[in-house]
Amino acid sequence: MQRIFLIALAAFIFVVVATIGRVYMVDNNGGMATNAGSVKLGGPFSLVDHTGKAVTDEDYRGKYMMIYFGYTYCPDVCPTSLSLMADALELLTPDQLDKVVPIFITVDPERDTPEALSTYVTHFHDKMVGLSGTIEQTKQVARAYRAFYQKVGEDGSDEYLMDHSSTTYVIGPDGKYATHFGHATPGDAMAKRLAEIL
Ligand code: NI
């Protein structure tokens with residue numbers, strides 16, 4: 001009886017610690033940043049775009065990269081976020097829109113091939129670029145942006161979910177962090193902020 005209690009207690013503590021850890025990470029990424037000086041996000045990456053072309057961050061110099069990490073099997077968080085991003089893009093003037101490259105980086109490269117990404121991203125916006133890499137490249141780029149993700153489901157099964165943070169990062173034409181938007185930031189709020197910095 002006592003043993004069952006200890007196991008239950010251990011499980012409870014694990015859940016509490018895991019929850020605090022996640023809340024902390026999400027909070028770390030969330031919200032709209034106003035103080036860019038204190039945040040160091042972004043960095044070089046080497047990935048493949050949805051047309052199958054190898055690209056690096058340097059290919060997007062001169063443009064504002066609007067980056068979101070997610071995966072195409074995502075039931076609702078990614079579709080919501082990408083729709084909001086598309087809403088923001090629609091509110092920009094043609095000149096402003098021309099300066100922006102919306103980028104979706106998959107955290108599930110095992111299922112998200114360039115072909116799968118191609119169908120997915122163009123559904124949201126015709127300017128949207130879908131990037132994927134090896135598992136190692138994905139880890140590296142996510143780490144640079146402090147994006148969190150974790151596979152949730154049975155080992156060896158194809159039916160799994162990816163737990164992931166939901167932040168939209170904006171990187172300036174110089175490759176340096178410009179701002180970021182927390183989860184569910186409305187399209188008009190994003191467009192307003194973008195118009196200030198573009
Ligand atoms: Ni998602």
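The values are calculated or read from the model by the stated rules, or taken from the named source; none is laboratory data. In this text, all values refer to a predicted model and were calculated from it rather than measured experimentally. For neighbour counting, all protein chains shown are included, and Cβ atoms are generated from backbone atoms with ideal geometry for every residue, glycine included.
Residue count for region 59-102 under the criterion of being under 12 Å from the mean Cα position of the chain (by Cα) and among the aromatic types (Phe, Trp, Tyr): the result is 3. When residue 159 is tested against (1) part of a strand (DSSP E or B); (2) over 15 Å from the mean Cα position of the chain (by Cα); (3) within 16 Å of the ligand (Cβ to nearest atom), only condition (1) is not met. Sub-6 Å Cβ pairs linking a first residue in region 72-88 that is touching a residue at least 24 places away in the same chain (Cβ under 8 Å) to a second residue that is part of a loop (DSSP other than H, G, I, E, B) and more than 9 Å from the ligand (Cβ to nearest atom), at least 6 apart or interchain, are 72/112; 86/125, ordered by first then second residue. Of all residues in region 79-98, those satisfying the criterion of being within 16 Å of the ligand (Cβ to nearest atom), more than 10 Å from residue 188 (Cα to Cα) and in contact with a helix residue (DSSP H, G or I) (Cβ under 9 Å, 6 or more places away or on another chain) are 79, 82, 83, 86. Would you point out the residue of region 162-182, among those that are in a loop (DSSP other than H, G, I, E, B) and within 16 Å of the ligand (Cβ to nearest atom), that is farthest from the chain's Cα centre (by Cα)? The qualifying residue farthest from the chain's Cα centre (by Cα) is 182.
Is it true that residue 72 is within 16 Å of the ligand (Cβ to nearest atom), assigned to a helix (DSSP H, G or I) and either loosely packed, with under 15 Cβ neighbours inside 10 Å or of a type in the set (Ser, Thr, Tyr) (or both)? No, not satisfied. Checked against (1) farther than 15 Å from residue 68 by Cα; (2) in contact with a Leu (Cβ under 8 Å, 6 or more places away or on another chain); (3) free of Cβ contacts under 8 Å to residues at least 60 places away in the same chain, residue 126 passes all but a single condition, namely (2). Look at (1) within 10 Å of the ligand (Cβ to nearest atom); (2) in contact with a His (Cβ under 7 Å, 6 or more places away or on another chain) and you find that residue 114 fails only one, number (1).
Part of a helix (DSSP H, G or I) and modelled with pLDDT under 95: does that describe residue 37? Spelling it out, residue 37 is indeed part of a helix (DSSP H, G or I) and modelled with pLDDT under 95.
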